[in-house]
Amino acid sequence: MATSTKSTSEKKLWIGNLDKRLTEYNLLKIIQCYGEVENFEYLFHTIGPNKGEPRTYCFVEYKRKEDAECALRKLNGKVVLSRALRVRWAEDNVKNDKLANVCKKKVESAQKKTVDVLSHEDKIKAIEEKLKLMEQSGEDKMTPVVFHGKHPLLAQSERQKEVPRKARQKQRRPYPASKMEADLNR
């Protein structure tokens, strides 16, 4: 059993940094130029927002080790659709390591969200306490302000905006609107 996994990894390559526009057929044609392909895994996203789109890597297993070595030398750094390919020997644990990394990232993001939620709640409590302190200190120094409708500063800024608009409407007519106005201005 150990010899079969070892021989597989000696002939199996990981090809990464693939352009998403590169089709499975075109990639297979490029790979076949370096030898007879025994196994080809072109992977697609199966879940999430990218479902159905190709991943940016694939696995290729050649029938002969020499073909795999040739493909490794010649394909690594080759530009295909404006992206330089990255080629290295595939490891049997690559998929397991990537799965472990994905799980680890999900756990870390879940922990971060929990911390964010806690800190968000703490922020709300701090703001509420600050408002209570302001109310207590405001009662001693001045009477609380109660607004009905719009805030006075907002209403004032809207009134300031209305005046220039009316002035602009008057300035838009460089010529008289009617013959009667024209006769009056003569």
key: Which numbered condition Asp19 misses (of (1) open to solvent by 40 Å² or more (accessible area, probe 1.4 Å); (2) part of a loop (DSSP other than H, G, I, E, B); (3) not aliphatic (A, V, I, L, M))   = (1)
The range 62-87, residues that are surrounded by fewer than 19 Cβ atoms within 10 Å (Cβ to Cβ) and of a type in the set (Val, Ile, Thr) = Val79, Val80
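The values are calculated or read from the model by the stated rules, or taken from the named source; none is laboratory data. Fair warning: this is a prediction, and the values are worked out from it, not measured in the lab. Quick reminder, even Gly has a Cβ in these numbers, built from the backbone with ideal geometry, and neighbours come from all protein chains shown. Just so you know, the surface numbers come from the protein's heavy atoms only, side chains and all, with ligands and any DNA or RNA stripped out. Shrake-Rupley method; radii C 1.70, N 1.55, O 1.52, S 1.80 Å.
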